[in-house]
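Contents: one structure, followed by commentary.
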Amino acid sequence: MTLSSREQISSATMIATHEVVTNLIKAKTAMETLVHEMHDLTCLVTQEGRIIWGNTTAAKWLDVDHDSLHEKDLRPLFNGEEWDRFAAHLEGMTEFEAEYEEFHLTLHTQCSVRDILWNVRPFKAISDRRGLLLPVVGRDITDILKVRTERAKLESELETAQVMQRAFFPPSHILTKNMELCSYYRPAEQCSGDWWGHFDLGNDTDLVCIADVTGHGAASA
């Protein structure tokens, strides 16, 4: 191999290496940007809760400048009892844990109480200088739980309306001296404002009523 060929190979190798490094840097930057912009709190912490790294959401929740986030810990997010429960999860983790541990705790902020779903998992760092590190993700599920509660309440109201509505209907088969009545009722939704009734007025006189309340659903029922 001539000197020129060696120089060409060396140059090509340097160019390829530079491209690989450049692409890795771009990928790292893109990933950091993605994590920083996540709506969920994302931190790398020690088992004592000290923050090694965190995204902008973590800084927002802690109400601190992002540049100083590494000087903080997660304790200010919790009141005393909640912090004890959270810290117990951190202290109980070992490097042999393979799956995320998921648990639900609340945060008492100045304005509201938020329900947070936490995910914690051991992280094997290059150095053991800081001990076991734990990626922590906190997801605000307050609105989700609120929607579920409201949905459950609505379903309960609809079930109550169904029971009440069925109680107002006469038997599906009525046989009197002058006629025989057979009925079948099925609302378009869980319940509706349709109704019919039968009344024996005496003197061989029967009254049959059919009514349709405007609208549908629990209110009409």
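The values are calculated or read from the model by the stated rules, or taken from the named source; none is laboratory data. Keep in mind that what you see is a predicted model, and the values were worked out from it rather than measured. The protein model used for the area step is the full one, side chains on, heavy atoms only, and it has no ligands, DNA or RNA in it. Shrake-Rupley method; radii C 1.70, N 1.55, O 1.52, S 1.80 Å.
Key figures for this structure:
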item	result
The stretch 127-144: number of residues that are at pLDDT below 80 and open to solvent by 50 Å² or more (accessible area, probe 1.4 Å)	4
Residue count for the stretch 176-211, restricted to those that are open to solvent by 50 Å² or more (accessible area, probe 1.4 Å), at pLDDT below 85 and assigned to a strand (DSSP E or B)	2
Wholly enclosed helices (runs of 4 or more DSSP H) of the stretch 1-113 bearing at least 1 residues open to solvent by 40 Å² or more (accessible area, probe 1.4 Å), more than 14 Å from V136 (Cα to Cα) and modelled with pLDDT of 65 or more	56-62, 80-91
